[in-house]
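Q: Dumping the structure here so I can ask a few things about it.
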Amino acid sequence: MDFKLDKVHQLQQQLFRTFAETEIKPLAKDMDENEQYDLGLLKKMQKYGFLGIPYGKEYGGCGSDTLAYTLCMEEVSRVDASSGITISVHTSLACSCIANFGTEEQKQKFLRPLVDGSKIGCFGLTEPGAGSDVQGAQTVAVPDGDDYIITGNKIFTTNSGFADTFVVFALTDRTVPAAKGLTAFIVDRTMPGVQVSDNIERMGIRAASNCIVNYDNVRVSKDRILGQLNKGFKIAMGALDCGRIGIAAQSVGIAQGALNEAIKYAKERKQFGKPITAFQNTQFKIAELQTKIDAARLMTWRAALSEDAHEKFGPLAAMAKLFASDVANDVTRYAVQMMGGYGYCREYPVERMMRDAKITEIYEGTSEVMKIVISGSMKLK
């Protein structure tokens, strides 16, 4: 096994890093303060192919792989986690559902404009009463001739403030548990009855669009069903497996970005007559944290390579997300601590990174759910 990136991935990594530093980083603070994503960035990402990295050129994508996508997620998230989750939900959740379960006609009609970046996607699974436990889902889709009528509410729908295409999960059989009665639908933002709220006010990733979406008797034709009727749970879980690799990479990016900022500050900040980095306890802590970041990165790459090899990667993705999200929170807390009062000030980005890190332990499966997935794969019972 080679732990080094090949030449192509090295060049991709440099492209992602340069873009993040020159295009995203100058806007990150203001986007967080204003709680508004700069849509001009999406246009620039489209130009460079950031919105279709692991998808085939036959559908307008870059024709690269999941490993390249994780490199993008890390580099972007080093400077702005909100940009990271915007790319992740579009790529790992919305696009993957259509790419893996759509018909050829659906791929040409719906996937192509998503992976070429001309449209943005979102993923509607979580509801006010159904987070980690999908069994609490209440959104329904009732047949009406050749159509279905969708009614219900989805919450914490990332990208929904500006997304064009919504992958939505609704109950089509209420006589069985949700895991056996969910169906996935492709819904357009412009369809009558689709109502998107203002952004939900949040602690972190404040620039990302995250809203409540109400589906008020939204009529969709049967040809917008993804996969088979009542088989939506499998589609959702498969997408979340993909998404967890993205969140692991985001976590690595947040951690590395925060540690880099703290080291930069500590080299310049003098206390007791010498730079903070001259103290052995600081050196040891930095060494410990960098080791954890590298371990998280390698776990993320392992999961990405497993997906690219078409292996069963779900437990590996869960391990990567569980560990990397914990590392992100550990590193960002210490980065603020190392910088003292300045770390607590909004003048520096580490306080934002600490706020952003928390959500990585929650969305796309909480850390507790990750432990369920991992232990379940170990055949302990």
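Q: Please compute the length gained on full extension between Val142 and Glu201, using 0.36 nm multiplied by the number of residues separating them and subtracting their Cα-Cα distance. Intermediate values should be presented prior to the final figure.
A: Values: separation 59, 0.36 × 59 = 21.24 nm, distance 3.24 nm.
Taking Val142 through Glu201 to full extension adds about 18.0 nm, to one decimal.
Q: Rg/Rh for the chain to two decimals, with Rh computed the Kirkwood way over all alpha-carbon pairs. Mind dumping the intermediate values first?
A: Numbers: Rg = 20.8 Å, Rh = 21.1 Å.
That ratio is 0.99, to two decimals.
Q: While we're here: Mind listing the phi-derived Karplus ³J(HN,Hα) values for region 3-15, rounded to whole Hz, using 6.51, -1.76 and 1.60 with θ = phi - 60°, and x for any glycine or proline?
A: 8, 9, 6, 6, 4, 4, 5, 5, 5, 4, 4, 5, 4
Q: Here's a follow-up. Two-decimal Rg/Rh of region 112-216 from alpha-carbon positions, Kirkwood Rh?
A: A ratio of 0.98.
Q: Something else: Build a GNM of the chain with springs between Cα atoms under 10 Å: which of Tyr215, Tyr69, Tyr344 gets the top mean-square fluctuation?
A: Comparing Tyr215, Tyr69, Tyr344 in a Gaussian network model of the chain, the most mobile one is Tyr344.
Q: Output wanted: per-residue J couplings in Hz (rounded whole) for region 241-258, from phi through Karplus 6.51 cos²θ - 1.76 cosθ + 1.60, θ = phi - 60°, x for Gly and Pro.
A: Computed from phi, the couplings for region 241-258 are 4, 4, x, 5, 5, x, 6, 4, 5, 4, 4, 4, x, 4, 4, 5, x, 5 Hz.
Q: Still on this structure, please answer the following. When the Kirkwood radius is taken over all Cα pairs of region 21-155, what Stokes-Einstein diffusion coefficient follows at 4 °C and 1.567 mPa s, in µm²/s?
A: Values: Rh = 16.5 Å.
The diffusion coefficient I find is 79 µm²/s.
Q: Between Ser132 and Ile374, what is the label-point separation in nm under the 7 Å Cα-to-beta-carbon projection?
A: It works out to 1.4 nm between the two label points.
Q: Can you list the chymotrypsin sites (Phe, Trp or Tyr not before Pro) in region 101-182 that are in a DSSP coil and have 11 or fewer other beta carbons within 10 angstrom? Before the final figure, lay out each step's value.
A: Details: sites: Phe101, Phe110, Phe123, Tyr148, Phe156, Phe162, Phe166, Phe169; in loops: Phe162.
For chymotrypsin sites (Phe, Trp or Tyr not before Pro) across region 101-182 that sit outside H, G, I, E and B with at most 11 neighbouring Cβ atoms in 10 Å, the list is empty.
Q: While we're here: Any chance you could run the full-extension gain for Ser221 through Lys43? It's 0.36 nm times the residue separation minus the Cα-Cα distance, nm to one decimal.
A: Numbers: separation 178, 0.36 × 178 = 64.08 nm, distance 3.05 nm.
Full extension of this stretch gives 61.0 nm more.
Q: Which residue, Glu311, Glu35, Glu21, tops the fluctuation ranking in a GNM of the chain built on C-alpha contacts under 10 Å?
A: Between Glu311, Glu35, Glu21, it is Glu311 that shows the largest mean-square fluctuation.
Q: Regarding region 193-270, what is the average projected area of its C-alpha convex hull, in nm²?
A: Values: hull surface 32.8 nm².
Averaged projected hull area, Cα only: 8.2 nm².
Q: Let me ask something else about it. Going by amide H atoms built from the backbone, whose H comes under 5 Å of the H on Thr126, apart from near neighbours?
A: Ile155
Q: So, in region 306-381, how many Lys pairs have Cα atoms under 21 Å apart, if the pair is 8 or more places apart or on different chains?
A: Within region 306-381, the lysine pair count is 10.
Q: Further question: Over all directions, the average projected area of the alpha-carbon convex hull for region 18-83 comes to how many nm²?
A: Numbers: hull surface 17.2 nm².
For the Cα atoms of region 18-83, the hull's average projected area reads 4.3 nm².
Q: Divide by every residue of the chain the summed helix terms, -39500 (n - 2.57) for each DSSP H run of at least 4, and state the resulting mean residue ellipticity at 222 nm, rounded to the nearest 500 deg cm²/dmol.
A: My calculation for the chain gives -15500 deg cm²/dmol from helical runs alone.
Q: List residues of region 323-352, by number, whose backbone nitrogen lies under 14 Å from a label position 7 Å along Cα→C-beta of Glu33.
A: 345-349, 352
Q: Taking 0.36 nm per residue of sequence separation and subtracting the Cα-Cα distance, how much length would be gained by fully extending the chain between Thr190 and Ala278, in nm to one decimal?
A: Working: separation 88, 0.36 × 88 = 31.68 nm, distance 5.87 nm.
Result: 25.8 nm gained on full extension.
Q: Farthest toward the dipole's positive end in the chain, which of Gln13, Met339, Cys242, given Cβ charges of +1 (Lys, Arg) and -1 (Asp, Glu) about the Cα centre?
A: Met339
Q: Okay, next question. Which residue fluctuates the most in the chain, going by a Gaussian network model with Cα springs under 10 Å, if the choices are Asp241, Asp330, Asp223?
A: Asp223
Q: Return the sequence-ordered ³J(HN,Hα) values of region 316-330 in whole Hz as given by the Karplus equation 6.51 cos²θ - 1.76 cosθ + 1.60 applied to θ = phi - 60°, using x for Gly and Pro.
A: Coupling constants for region 316-330: 5, 5, 5, 4, 4, 5, 4, 6, 5, 5, 5, 5, 4, 5, 5 Hz.
Q: Related question: If R0 is 51 Å, what FRET efficiency do you get for Thr151 and Thr22 from their C-beta distance, rounded to 0.05?
A: Once rounded, the FRET efficiency stands at 0.65.
Q: While we're looking at this one, here's another question. Any chance you could list P(r) for region 234-376, counting all Cα-Cα pairs in 5 angstrom bins from zero, rounded to whole %?
A: Taking all Cα pairs of region 234-376, the binned fractions are 2, 11, 19, 19, 16, 11, 9, 6, 4, 2, 1, 0, 0 percent.
No value in this document is a laboratory result; all are computed from the given coordinates. As the structure is a computational prediction, the values presented were derived from the model and not from experiment. Here the Cβ is made from the backbone with ideal geometry for all residues, glycine too, and neighbour counts use every protein chain on show.
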